[in-house]
Amino acid sequence: MAAMSHFSKTIKQVFRSFVENTPVLKDYYYYHWLFTRNPNLYRYVFDSFAEALAAVPEGALAGYNYREFYEERLRDLPQVKQLKPIDYPVMLWLRQAFTDSSTVFDLGGATGAGYYAYRQYISFPEALRWKVCEVPKLVEVCEELMELIPSPGLDHTTNILDADAEIFLSCGMLQYFEESLADMLVKWSVKPRHLVINHVPFYDGETYVTLQRPLLVRPQVDFVSYVPFKIQNRTKFINDLLGLGYELVDTWQQDRQCFIPFHPERFVEAFHGFYFRHRSVSTNGMSVGSIISV
């Protein structure tokens, strides 16, 4: 029986490898089979979030604003983010930014995962004010979590216009906002001195929107929700920020792909991170990194 099971598994692996490496078959496989069964896959190309939301299957959930998705974080204390290699550039530049700044606006910062994780490895300013901007249902959970874990300086908001901080931080979330970061910055009354951006998909073509099927898990129950997912043009993203008076100091990337069935020209090879510093900020004592020419 064991031999038969191994043989069956081998046949499936060979068949899947064949399909994955045959362009037309791969498109149909992802579009019709995997997308409805596996998390974090993508389907369709749209011009706007409204078009993407209109394509959500009837009766399915859309977005992240559901308390049930987050309640396990109250049960699994202490909730501390496990650091990955891609977190280290964020900590490096956040630590550098803290030499002249003490306020952070963390866009899409979940339950303050970065706040809780990074404070184990870098020193936070005594006057730290770290504001997380999230969806209302997650903010409810965040506030309950703060009653259980000491969180000096941590605060939450649901209003993106509350971005009155010296440091802008966003890790893996800009793709869930239709408005560009440059357009957001124009509206804010306080322009951040530092922009620390991590884990965002970019490619060389026109910016577009697709539909992602992420899987959000809580104990014993899996919830599936469809969300619009923006993939930007890397050069335009950088140039828009340069036009607002920022300098690109550092950039990094992680190999992670976005495959859109039947749209090979939209393929994303990597997710990127950036550290921008406003030109008005003195570079005295800046010992790490140099300005990158783009």
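For segment 147-190, which residues satisfy the criterion of being charged (D, E, K, R) and touching a strand residue (DSSP E or B) at 6+ places or on another chain (Cβ under 7 Å)? Can you show your working first?
So the first thing to find is which residues in segment 147-190 are charged (D, E, K, R), and the list is 147, 155, 162, 164, 166, 178-179, 183, 187.
Across segment 147-190, the qualifying residues are 155, 162, 166, 178.
Quick check on my filter: what residues within segment 162-199 are within 13 Å of residue 273 (Cα to Cα) and β-branched (Val, Ile, Thr)?
196, 197
Given the conditions (1) small (Gly, Ala, Ser); (2) within 29 Å of residue 60 (Cα to Cα); (3) over 16 Å from the mean Cα position of the chain (by Cα), and given that residue 189 satisfies all but one, which numbered condition is not satisfied?
(2)
Please list, ordered by residue number, the strands (runs of 3 or more DSSP E) wholly in segment 185-259 having 2 or more residues that are at pLDDT 95 or above, of a type in the set (A, V, I, L, M, F, W, C) and closer than 21 Å to residue 30 by Cβ.
208-213, 221-233
(1) surrounded by fewer than 16 Cβ atoms within 10 Å (Cβ to Cβ); (2) in contact with a Leu (Cβ under 8 Å, 6 or more places away or on another chain); (3) among the polar types (S, T, N, Q): which one isn't true of residue 170, the others all being true?
Here residue 170 clears every test but (1).
Looking only at residues in segment 83-123 that are charged (D, E, K, R) and in a loop (DSSP other than H, G, I, E, B), which one is nearest to residue 153 (Cα to Cα)?
Just the residues of segment 83-123 that are charged (D, E, K, R), to begin with: 84, 87, 95, 100, 106, 119.
Pick out the ones that are also in a loop (DSSP other than H, G, I, E, B) and you get 84, 100, 119.
Numbers: 84: 24, 100: 17, 119: 12 Å.
Among those that are charged (D, E, K, R) and in a loop (DSSP other than H, G, I, E, B), it is 119.
Can you pull out the helices (runs of 4 or more DSSP H) entirely within segment 1-66 that have at least 3 residues that are more than 12 Å from residue 212 (Cα to Cα), at pLDDT below 80 and polar (S, T, N, Q)?
It comes to 2-20.
Looking at segment 147-165, can you tell me whether even one residue there is assigned to a loop (DSSP other than H, G, I, E, B) and on the phi > 0 side of the Ramachandran plot?
Taking segment 147-165 first, the residues assigned to a loop (DSSP other than H, G, I, E, B) are 147-153, 158-159, 163-165.
Checking which are on the phi > 0 side of the Ramachandran plot leaves us with 153.
Checked segment 147-165: at least one residue is assigned to a loop (DSSP other than H, G, I, E, B) and on the phi > 0 side of the Ramachandran plot.
Of these, 134, 140, 144, which one is within 15 Å of the chain's Cα centre (by Cα) and within 16 Å of residue 67 (Cβ to Cβ)?
Working: 140 fails: within 15 Å of the chain's Cα centre (by Cα); 144 fails: within 15 Å of the chain's Cα centre (by Cα).
One residue alone meets the criteria, 134.
Please tell me if residue 153 is more than 30 Å from residue 263 (Cβ to Cβ), touching a Leu at 6+ places or on another chain (Cβ under 9 Å) and surrounded by 20 or more Cβ atoms within 10 Å (Cβ to Cβ). Let's see the steps before the verdict.
Numbers: more than 30 Å from residue 263 (Cβ to Cβ): yes; touching a Leu at 6+ places or on another chain (Cβ under 9 Å): yes; surrounded by 20 or more Cβ atoms within 10 Å (Cβ to Cβ): no.
It is false that residue 153 is more than 30 Å from residue 263 (Cβ to Cβ), touching a Leu at 6+ places or on another chain (Cβ under 9 Å) and surrounded by 20 or more Cβ atoms within 10 Å (Cβ to Cβ).
The values are calculated or read from the model by the stated rules, or taken from the named source; none is laboratory data. It should be emphasised that the depicted structure is a prediction, and the values quoted were computed from it without experimental measurement. Positions of Cβ are generated from backbone atoms using ideal geometry, with glycine treated the same way; all protein chains shown enter the neighbour counts.
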